[in-house]
Amino acid sequence: MASKKIDRLSFDATLEELETIVHQLEQGSLPLEEALKQFEQGVHLVRAGQQKLELAEQKIQILLSQADGSDQLAPFQPEQGEE
């Protein structure tokens, strides 16, 4: 899967792809070259997932700042037990 295709995946689809790769690598039956390709693909998926999460957090911060009328962004504070 090309990097551009990864960027177009939803967060859930990114996680599903990553889980598939992890499962394949855990089985240990892939030839070395294929395992390296899958590992590289997994790294790209992780980075794309992190970017999607960062964007979501930024949107939340914007929405929180608009809701309370302040001009400054409020950092996202998860409730205890959610981490």
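The values are calculated or read from the model by the stated rules, or taken from the named source; none is laboratory data. Worth saying up front: this structure is predicted, and the values here are computed from it rather than measured. With ideal geometry, Cβ positions are generated from the backbone for all residues, glycine too; neighbour counts draw on all protein chains shown. Ligands, DNA and RNA are excluded from the accessible area calculation, which covers all protein heavy atoms including side chains. Shrake-Rupley method; radii C 1.70, N 1.55, O 1.52, S 1.80 Å.
Cβ neighbours within 10 Å, averaged per peptide: list 26-34, 6-14 in order, most packed at the top.
Numbers: 26-34: 9.1, 6-14: 13.8.
Ranking, from highest mean packing down: 6-14, 26-34.
Starting from the Kirkwood Rh over alpha-carbon pairs, what translational D in µm² s⁻¹ does the range 1-67 have by Stokes-Einstein at 4 °C and 1.567 mPa s? Each step should come with its number before you reach the end.
Values: Rh = 13.2 Å.
It comes out at roughly 98 µm²/s.
Express the relative contact order of the range 1-66 as a whole percentage, based on alpha carbon pairs under 8 Å and six or more residues apart in sequence. Intermediate results must be reported in sequence, preceding the final value.
On the way: 27 pairs, mean separation 27.8, N = 66.
Answer for the range 1-66 is 42 percent.
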- Could you look at the range 1-66 and say what percent of its accessible area is carbon and sulfur, using a 1.4 Å probe and all protein chains? 56
